[in-house]
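**Q** Next up is a structure, given as structure tokens.
The values are calculated or read from the model by the stated rules, or taken from the named source; none is laboratory data. Please read all numbers here as calculations on a predicted model, not as lab measurements. Here the Cβ positions follow ideal geometry from the backbone for every residue, glycine too, while neighbour counts run over all protein chains shown.
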Amino acid sequence: MTALDTPAEDLARPAVPAVRITGARRVFAAELAPVRALRGVHFEVGPGEFVAVMGPSGCGKSTLLNVIAGLDTVDEGTVEVAGERVDGRDQDWLARFRRHRIGFVFQFFNLLDGVSALDNLVLPGVLGGMGRRAAESRGRDLLDILGLGDRTAQLPSSLSGGQRQRLAIARALVNRPGLLLADEPTGALDSEGGAEVLELFRRLHEDGQTIVMVTHSPEVAAGADRAVRMRDGRVVDDGATATGPTAAGSDAAESGAAGGPS
Amino acid sequence: MTFTALWLRLELRRRWRSLVVLALLVALAGTAVLASVAGARRGDTAVDRLVARTSPADITVLPNQHGFDWDRIRALPEVEALTTFVISSFQIEGVPDNSTGFAVADDANMRTIERPIVLQGRLADQARDDEVVVSAHFPGAFHKGVGDYLTIRLFTPAQVDTYVTGADPGAPAGPSIRARIVGVVRSPWYHDNVRDQGSVAVSAALYLNHRANFVGSTDQIYLNALVRLKGGEKTIPEFRADLARVSGRTDIDIWDNAELERHATRVNTFEGDCLLGFAGAALIAALFLVGQSVLRYTSATVADLQTLRGVGLGNRQALAAASAGPVIAALLGSLLGAAGAVLVSRWMPIGAAALYEPSPGFDVDWLVLGAGLVLTPLLALAGSVASAWLALASAQNRTAPRRSAVAVATARAGLPVPVVVGTRFALEPGRGRTAVPVRPALLGAVIGVLGVLAAFTFAAAVADAAANPARFGQTHQLESFLGLNSTDFGKVDPVLARIAADPAVTAVNNARIAVAESGDTSITTYTVDPVGGKPLSVVTVSGRLPQAADQIMLAPTSARALHAEVGSWVTLTGAARARREFTVTGIGFVPEGSHNDYDAGAWATTDGYRALFGTTFKFHLAEIALRPGSVTAAMTQRLQHEAAPLTGGQSIGLQQVTAPQQLAEIQDVQTLPLFLGGFLLLLAAGAVGHALATAVRRRRHDVAVLRALGMTRRQSRLVVVVQATVLALVGLVFGIPLGLALGRTLWRQVADSTPLAYHPPLALLTLLLAGPVALLLANLLAAWPGHRAARLHVGQTLRAE
């Protein structure tokens, strides 16, 4: 079993959608007129699926990801992650839920600037209930696997963009979440860095990790099983990508994995 | 330059509110600093300026001899002016005896000597007995000022004769004079002491028109004199020699009034130092608070200017443009600050110095104000250029931020995440957009605890001194006046033996007192003569009491005047030119008397005293110490009752020992350190509060990331609580020992300069409460930033970042 392996308890779960959103609406107050970020979105992600959410700027992609993660709330509708309703929950419940069930990868990394690469992984591990040594061990394993084993003591600011994003992905995986959310994970990277990250996502997906990825780029989206297109706060298209391997997601669904690897 | 002017115009248009706030901050800080420094300078020179304007007496000459020929003294070549005053009393209705002053016996007073500053009204006509002047405290204490009337009641000549024998003359039965207050005055002789109620100065005509009511029918009352010397204080030895020559006496007590003025100056200097300390603290606070504002302003400006660097804006241009606004604000602020300082000068100088100030009211210290007007904009210029430079450099800085060993250790120790993160927030400054000035916060916390501890340690010392007259050498609670000018008022020995036999009496000293001379120094000498085997406890600074006829213990000020220490030999001249050499066996305090302070004088054995003065004495007193817990008033009655059969039913005079004037002076300055401590506490609260608020604002990204990773709201709040707690703990760890040391050092300085017996003060309650209170205060300060951290909207924050 590698550091990216799926824990046995997740494999034993009954098959439930990794994400199920029903009639989600979200309106933001703005100076001139309210911004309707989500206008009755219906959206479902199966266990082990790798879904790309695409669409132009302002179409509601990031808001969709945020409401799944519980970083934002819906005004109407329901949001379920691994069978748990996350809408209407208080912030602390959501925080605890995120620790174990959701990993989040941001476009601009959002790493803790003042602490080392390893400590960026240890902190969420400890938050997730691991002991210091266990978290360090897990962090080192992840850094090794993601090719950052020789960067443990370095500060994020001294890493390249691709390395930073790999570090952010490692952080997202520390607590073996069932669901990995990624908001434009290659948006701040050059083509080489973007390819690194995409390759990593593919490996994770092959190991059964459920991934929802927001992206502008059709090339990046092509790596996913399925591409969901949004426009003006609505899902306008939902189908398999032209080149995306759907088998992995289907296999995982059949095996009953609600959450993927970690 | 054109660009700077253009940029400044833009800045004034869009950010004028920030600049106005900055100017007001500078003005507030400028007022506090300039007013304090000017006040300290004014207080420091108050005595000298009063002396320069009032032709004060250099010495007070006290022969205490009726019929003394003052005309011969007046004619001595050293004497510039002389005025005599009468050692007998009169009463003023509604005014206690200690506020009635002495009656002057000639019209030289306030004319050729002690010409006071007139604070209000005018000087009294010395030819009119119905005109008086009062000192500055009098109107406030008695609600009678210029234009109001006082009723002076004189004793009959027969009553005065009774007074001479030491008996109570009863209420004055002589003439009454309705006198009008015509002025409020001040001179070194006619000044108020701290806590005095003020006094009345009657005209010479009162004595001259009613002489018999002052000297009695037997003319036994004597006159003493204030003398102004042509050569000032330094000609005292020549005057003393001539005085001895023309009077035939070498035991005449001469007070060096300059010594009193020097004491006043020492007190004023101490208060001035406290004020300067306040000014220093205010300056630090100003540098911190205004510096933060300037830093924020220039950082924001530099951020704006960064966009223009792409189109050719140079570093120097950026620095000039970023600094222009703060400098303009500082210029305006310094002008307002100077005006504020002039306004505040109305209440300066503070404390004892105010009692000597010859020109109370508004004052313009051009040197201080000028320095403020020049230095403030320069400081603002330096600060804004430096902060703009830092902001520019920070934008290009790629070095790793400083790590805290403590924060790293907390992480290594596996402590909970909020503790690790909170410690990091408290101790690591970060870099760039997340940078938070942690050092000012840490320094502020240390200074706050230090200031409070020092202030309360000092206050504890003052309270200890106030509760223990022994710190001033006064180990006795009662005094009995037994005789005057070599004549006892009755049979002394059996009375003292009976008093000493009382089980509540722990010590009785039978003190004969006379004044010896050594060079130009008068040494009021007391006998060490225990009664009933109950010796008086004498507070010694070093050494021991004398045990042989050729040994003596000197009080600290006398020892200093004679350049003597334990083991030195001193030569004293007593009555009838008797000269004796003594070895100094100790330095210690003496009882405070009418002719000496507790720190001036000497203790001699009865044999040693006799060798100097024979059987003569100026005063004969008994110092009586009571068992702790005794009620002094009740004991006075009991002892008088016990002594009555031995004195033919006549009650002996027993009076309670009053606290020395120096205690009141110290109590007067007690509030200054407390004020300073409170100010430093505010500074600490500001620094810590600012650090917490800034950390939450600038590090909201980190908090949001941690929240996204699963940190709860409670844990977010805990991060700020830990940050505040770490700051408080740093403050306590360094502030407590430093504060204790500073408080004790200050008190030692006061003890040395007062002087008084130094006992290391300990503010136990403050020490016990410092920790809990500091932690409570820090956590109260953390409440709002913690709430903000807990309410952070994670999604929006991360998106905005």
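**Q** Give region A:70-80 a look and list any residue that's more than 7 Å from chain B (Cβ to nearest Cβ) and either under 12 Å from B:Ala708 (Cα atoms) or in a strand (DSSP E or B) (or both), or say none. Walk me through it before giving the result.
**A** To start, the set of residues in region A:70-80 that are more than 7 Å from chain B (Cβ to nearest Cβ) comprises A:70, A:73-80.
Of everything in region A:70-80, those that are more than 7 Å from chain B (Cβ to nearest Cβ) and either under 12 Å from B:Ala708 (Cα atoms) or in a strand (DSSP E or B) (or both) turn out to be A:Gly70, A:Glu76, A:Gly77, A:Thr78, A:Val79, A:Glu80.
**Q** Out of the residues in region A:210-232 meeting the condition of being within 14 Å of A:Val105 (Cα to Cα) and touching a Pro at 6+ places or on another chain (Cβ under 9 Å), tell me which one is surrounded by the fewest Cβ atoms within 10 Å (Cβ to Cβ). Spell out the reasoning first.
**A** Taking region A:210-232 as the starting set, the residues that turn out to be within 14 Å of A:Val105 (Cα to Cα) are A:210-215.
Filter once more, so that each one left must be touching a Pro at 6+ places or on another chain (Cβ under 9 Å): A:210, A:213-215.
Numbers: A:Thr210: 31, A:Met213: 28, A:Val214: 28, A:Thr215: 26.
By that ranking, first place goes to A:Thr215.
**Q** What residue, of B:Ala644, B:Ala659, B:Ala741, is assigned to a helix (DSSP H, G or I), hydrophobic (A, V, I, L, M, F, W, C) and out of contact with any Ser or Thr (no Cβ under 7 Å at 6 or more places or on another chain)? Don't jump to the end; show me each part of the working.
**A** On the way: B:Ala644 fails: out of contact with any Ser or Thr (no Cβ under 7 Å at 6 or more places or on another chain); B:Ala659 fails: assigned to a helix (DSSP H, G or I).
Result of the check over B:Ala644, B:Ala659, B:Ala741: B:Ala741.
**Q** Sort out for me the helices (runs of 4 or more DSSP H) sitting completely within region B:172-263 that have 3 or more residues that are out of contact with any Leu (no Cβ under 9 Å at 6 or more places or on another chain), of a type in the set (A, V, I, L, M, F, W, C) and on the phi < 0 side of the Ramachandran plot. Let's see the steps before the verdict.
**A** Values: elements: B:204-209, B:212-215, B:236-247.
The qualifying helices (runs of 4 or more DSSP H) are B:204-209.
Okay, residues lined up against (1) of a type outside the set (Val, Ile, Thr); (2) at pLDDT 90 or above:
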site: B:Gly166; (1), (2): yes, no
site: B:Ser176; (1), (2): yes, yes
site: B:Ile181; (1), (2): no, yes
site: B:Asp192; (1), (2): yes, no
site: B:Leu206; (1), (2): yes, yes
site: B:Ile221; (1), (2): no, no
site: B:Val227; (1), (2): no, yes
site: B:Asp253; (1), (2): yes, no
site: B:Leu260; (1), (2): yes, no
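**Q** Let me ask another. Does B:Leu777 count as surrounded by fewer than 16 Cβ atoms within 10 Å (Cβ to Cβ), away from every other protein chain (no Cβ under 12 Å), touching a helix residue (DSSP H, G or I) at 6+ places or on another chain (Cβ under 9 Å) and in a helix (DSSP H, G or I)?
**A** Values: surrounded by fewer than 16 Cβ atoms within 10 Å (Cβ to Cβ): no; away from every other protein chain (no Cβ under 12 Å): yes; touching a helix residue (DSSP H, G or I) at 6+ places or on another chain (Cβ under 9 Å): yes; in a helix (DSSP H, G or I): yes.
Considered against the rule, which asks whether it is surrounded by fewer than 16 Cβ atoms within 10 Å (Cβ to Cβ), away from every other protein chain (no Cβ under 12 Å), touching a helix residue (DSSP H, G or I) at 6+ places or on another chain (Cβ under 9 Å) and in a helix (DSSP H, G or I), B:Leu777 comes out as no.
**Q** State whether the residues of region B:534-554 include one that is on the phi < 0 side of the Ramachandran plot, touching a Pro at 6+ places or on another chain (Cβ under 6 Å) and assigned to a loop (DSSP other than H, G, I, E, B).
**A** No: region B:534-554 contains no residue that is on the phi < 0 side of the Ramachandran plot, touching a Pro at 6+ places or on another chain (Cβ under 6 Å) and assigned to a loop (DSSP other than H, G, I, E, B).
**Q** Just to be sure I understand the filter: pairs with C-beta atoms under 7 Å, separated by 6 or more residues or on different chains, first member in region B:587-602 and more than 16 Å from B:Leu562 (Cα to Cα), second member crowded, with 23+ Cβ neighbours inside 10 Å and aromatic (Phe, Trp, Tyr). Which pairs pass?
**A** B:Val590/B:Tyr526; B:Val590/B:Tyr598; B:Val590/B:Trp603; B:Pro591/B:Tyr526; B:Pro591/B:Tyr598; B:Glu592/B:Tyr598; B:Tyr598/B:Phe472; B:Tyr598/B:Phe589
**Q** From the list B:Ala52, B:Ala46, B:Ala27, B:Ala32, which one is of a type in the set (Gly, Ala, Ser) and either loosely packed, with under 14 Cβ neighbours inside 10 Å or assigned by TED's automatic domain parsing to the domain that holds B:Thr521 (or both)? Break it down stepwise before answering.
**A** On the way: B:Ala46 fails: either loosely packed, with under 14 Cβ neighbours inside 10 Å or assigned by TED's automatic domain parsing to the domain that holds B:Thr521 (or both); B:Ala27 fails: either loosely packed, with under 14 Cβ neighbours inside 10 Å or assigned by TED's automatic domain parsing to the domain that holds B:Thr521 (or both); B:Ala32 fails: either loosely packed, with under 14 Cβ neighbours inside 10 Å or assigned by TED's automatic domain parsing to the domain that holds B:Thr521 (or both).
None of the others qualify; the one that does is B:Ala52.
**Q** Which residue pairs have Cβ atoms under 8 Å apart, sit 6 or more places apart or on different chains, and have a first residue in region B:412-426 that is facing chain A (nearest Cβ under 7 Å) and a second that is of a type in the set (A, V, I, L, M, F, W, C) and outside any helix (DSSP H, G or I)?
**A** Short answer, once both residue conditions are applied: B:Val417/B:Met711; B:Arg424/A:Val115.
**Q** Quickly run through region B:661-713 and pick out the residues that are more than 14 Å from every other protein chain (Cβ to nearest Cβ), surrounded by fewer than 24 Cβ atoms within 10 Å (Cβ to Cβ) and more than 35 Å from the chain's Cα centre (by Cα).
**A** Result: B:Ala693, B:Thr694, B:Arg697.
**Q** Check whether at least one residue in region A:81-97 is surrounded by 24 or more Cβ atoms within 10 Å (Cβ to Cβ), more than 9 Å from every other protein chain (Cβ to nearest Cβ) and assigned to a strand (DSSP E or B), and report yes or no.
**A** yes
**Q** Could you say whether any residue in region B:186-200 is over 26 Å from B:Ala353 (Cα atoms), touching a residue at least 12 places away in the same chain (Cβ under 8 Å), surrounded by fewer than 17 Cβ atoms within 10 Å (Cβ to Cβ) and not aliphatic (A, V, I, L, M)? Spell out the reasoning first.
**A** Of all residues in region B:186-200, those over 26 Å from B:Ala353 (Cα atoms) come to none.
So far as region B:186-200 goes, no, none of its residues is over 26 Å from B:Ala353 (Cα atoms), touching a residue at least 12 places away in the same chain (Cβ under 8 Å), surrounded by fewer than 17 Cβ atoms within 10 Å (Cβ to Cβ) and not aliphatic (A, V, I, L, M).
**Q** A follow-up question, please. Assuming B:Ala400 fulfils every condition listed in (1) at pLDDT below 90; (2) among the hydrophobic types (A, V, I, L, M, F, W, C); (3) part of a helix (DSSP H, G or I); (4) more than 16 Å from B:Leu727 (Cα to Cα) apart from one, which condition is it?
**A** (3)
**Q** Okay, moving on. Would you confirm whether or not region B:289-309 contains a residue that is buried (at least 21 other Cβ atoms within 10 Å of the Cβ), of a type in the set (Asp, Glu) and not assigned by TED's automatic domain parsing to the domain that holds B:Phe138?
**A** Within region B:289-309, not a single residue is buried (at least 21 other Cβ atoms within 10 Å of the Cβ), of a type in the set (Asp, Glu) and not assigned by TED's automatic domain parsing to the domain that holds B:Phe138.
**Q** May I pose another question? Condition test on B:Lys491, is it modelled with pLDDT under 90, over 30 Å from B:Asp256 (Cβ atoms) and out of contact with any Leu (no Cβ under 6 Å at 6 or more places or on another chain)? Show your work before the answer.
**A** On the way: modelled with pLDDT under 90: yes; over 30 Å from B:Asp256 (Cβ atoms): yes; out of contact with any Leu (no Cβ under 6 Å at 6 or more places or on another chain): yes.
Yes; evaluated as a whole, the condition is true for this residue.
**Q** Quickly run through region A:201-223 and pick out the residues that are of a type outside the set (Lys, Arg) and over 13 Å from the mean Cα position of the chain (by Cα).
**A** Here is the first cut: in region A:201-223, the ones of a type outside the set (Lys, Arg) are A:201, A:204-223.
Result: A:Glu206, A:Asp207, A:Gly208, A:His216, A:Ser217, A:Pro218, A:Glu219, A:Val220, A:Ala221, A:Ala222, A:Gly223.
**Q** Take the residues in region A:98-118 that are out of contact with any strand residue (DSSP E or B) (no Cβ under 8 Å at 6 or more places or on another chain) and of a type in the set (Phe, Trp, Tyr), then tell me which one is nearest to the other protein chains (Cβ to nearest Cβ).
**A** That would be A:Phe108.
**Q** Tally up the residues in region A:131-163 that are assigned to a loop (DSSP other than H, G, I, E, B), within 10 Å of another protein chain (Cβ to nearest Cβ) and either in contact (Cβ under 8 Å) with a residue 12 or more places away in the chain or on the phi > 0 side of the Ramachandran plot (or both), please.
**A** Just the residues of region A:131-163 that are assigned to a loop (DSSP other than H, G, I, E, B), to begin with: A:131, A:146-148, A:152-155, A:159-160.
This time we only want the ones that are within 10 Å of another protein chain (Cβ to nearest Cβ), so: A:131, A:154-155.
Still in the list and also either in contact (Cβ under 8 Å) with a residue 12 or more places away in the chain or on the phi > 0 side of the Ramachandran plot (or both): A:154-155.
Of the residues in that region, 2 qualify.
**Q** Could you tell me whether A:Leu121 is buried (at least 24 other Cβ atoms within 10 Å of the Cβ) and more than 7 Å from chain B (Cβ to nearest Cβ)? Write out each step before concluding.
**A** Details: buried (at least 24 other Cβ atoms within 10 Å of the Cβ): yes; more than 7 Å from chain B (Cβ to nearest Cβ): yes.
Yes.
**Q** Does B:Ala391 fit the bill of being within 14 Å of chain A (Cβ to nearest Cβ) and surrounded by 20 or more Cβ atoms within 10 Å (Cβ to Cβ)? Give the derivation first.
**A** Numbers: within 14 Å of chain A (Cβ to nearest Cβ): no; surrounded by 20 or more Cβ atoms within 10 Å (Cβ to Cβ): yes.
No; evaluated as a whole, the condition is false for this residue.
Conditions (1) under 38 Å from the mean Cα position of the chain (by Cα); (2) not hydroxyl-bearing (Ser, Thr, Tyr), marked per residue:
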{"position": "B:Trp16", "(1), (2)": "no, yes"}
{"position": "B:Leu25", "(1), (2)": "yes, yes"}
{"position": "B:Ser36", "(1), (2)": "yes, no"}
{"position": "B:Arg53", "(1), (2)": "yes, yes"}
{"position": "B:Pro77", "(1), (2)": "no, yes"}
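**Q** Right, another one. Which pairs turn up if I take residues in region A:25-46 that are within 14 Å of B:Gln796 (Cα to Cα) and look for partners that are of a type in the set (Asp, Glu) with beta carbon separation below 6 Å, at least 6 apart in sequence or on another chain?
**A** Taking only residues 6 or more apart or on different chains, the pairs are A:Arg26/A:Asp75; A:Val27/A:Asp75.
**Q** Now for a different question. Test of understanding: among B:Ala516, B:Ala500, B:Ala511, B:Ala465, which residue is part of a helix (DSSP H, G or I), at pLDDT 90 or above, aliphatic (A, V, I, L, M) and buried (at least 20 other Cβ atoms within 10 Å of the Cβ)?
**A** Working: B:Ala516 fails: part of a helix (DSSP H, G or I); B:Ala511 fails: part of a helix (DSSP H, G or I); B:Ala465 fails: at pLDDT 90 or above.
None of the other options fit; the residue is B:Ala500.
**Q** A further question follows. Return the total of residues in region B:620-634 being at pLDDT 90 or above and surrounded by 15 or more Cβ atoms within 10 Å (Cβ to Cβ).
**A** The number of residues fulfilling the criteria is 7.
**Q** Inside region B:716-762, can you point out the residues that are of a type outside the set (A, V, I, L, M, F, W, C), within 14 Å of chain A (Cβ to nearest Cβ) and buried (at least 24 other Cβ atoms within 10 Å of the Cβ)?
**A** Within region B:716-762, the subset of a type outside the set (A, V, I, L, M, F, W, C) is B:716-717, B:723, B:725, B:731, B:735, B:737, B:739, B:743-745, B:748-749, B:752-755, B:758-761.
Imposing the further condition that a residue be within 14 Å of chain A (Cβ to nearest Cβ) reduces the set to B:716-717, B:723.
Matches in region B:716-762: B:Ser716, B:Gln723.
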